[in-house]
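The values are calculated or read from the model by the stated rules, or taken from the named source; none is laboratory data. These numbers come from a predicted model, not from an experiment. Reconstructed Cβ throughout: ideal geometry from the backbone, glycine too, with neighbour counts over all protein chains shown. To get the accessible areas, we keep the full protein, side chains included, count just its heavy atoms, and leave off ligands, DNA and RNA. Shrake-Rupley method; radii C 1.70, N 1.55, O 1.52, S 1.80 Å.
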Amino acid sequence: MAQKRILLLELPTFPNVTKSLSLAQVCASFEPSFDCTISDLNFEKIDYQSLKKEKIDLVGLKVSMQNFEKAKEVTRRIKEVAQSLVFWGGELP
């Protein structure tokens with residue numbers, strides 16, 4: 001069975017100088033049969049086409065009131081381009 005690929009996204013927040021460890025904890029909780037990566041959108045842009053090319057199975061977004069609209073936009077774009085399952089967590093799951 002192929003290894004499942006998971007991408008966890010830290011959505012832009014203010015102030016963006018604070019680093020959250022919650023996604024690292026989530027990533028560490030997956031069994032070794034999962035390949036989990038974290039991308040911080042405070043510092044980098046998401047390449048939506050690469051989600052399809054890299055065959056990302058699951059994309060998790062850390063959602064708060066501060067980035068709720070961005071979460072909706074990112075989710076919509078992912079569903080347009082890739083076949084990845086998108087899930088939300090955080091303050092507003």
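Among R76, R5, what's the order by accessible area (1.4 angstrom probe), most exposed first?
R76, R5
Can you give me the accessible area per residue for the chain, using a 1.4 Å probe, in Å²?
About 66 Å² of surface per residue is accessible.
Take every Cα pair under 8 Å in the chain that's 6+ residues apart, average their separations, divide by the length, and report that relative contact order as a whole percent.
After rounding, I find 36 percent.
Tell me, what is the Rg over Rh of the range 50-93, with Rh the Kirkwood radius over Cα pairs?
My calculation puts Rg/Rh at 0.99.
Which whole-number percent of Cα pairs in the range 13-61 have a distance greater than 14 Å?
For the range 13-61, the share of Cα pairs beyond 14 Å comes to 60 percent.
Compare K72, K45, K55 in a GNM of the chain, Cα atoms joined below 10 Å, and give the one with the largest fluctuation.
Highest fluctuation of the listed residues: K45.
Give the carbon-plus-sulfur fraction of the accessible surface of the range 36-93 in %, rounded to a whole number; probe 1.4 Å, heavy atoms of protein chains only.
C and S fraction of accessible area: 52 percent.
First check a/c for the chain, with a ≥ b ≥ c the square roots of the eigenvalues of its C-alpha gyration tensor; if it is under 1.5, answer rounded, and if not, answer prolate when a/b is larger than b/c or oblate otherwise.
The shape class here is oblate.
Ignoring the sites themselves, what is the longest stretch of the chain with no chymotrypsin sites (Phe, Trp or Tyr not before Pro) in a DSSP loop and at most 16 other beta-carbon atoms within 10 Å?
44-93
Can you give the longest run of the chain that contains no GluC sites (Glu not before Pro) sitting in a DSSP loop with at most 12 other Cβ atoms inside 10 Å?
Counting only loop sites that pass the neighbour cut-off, the longest clear stretch is 45-90.
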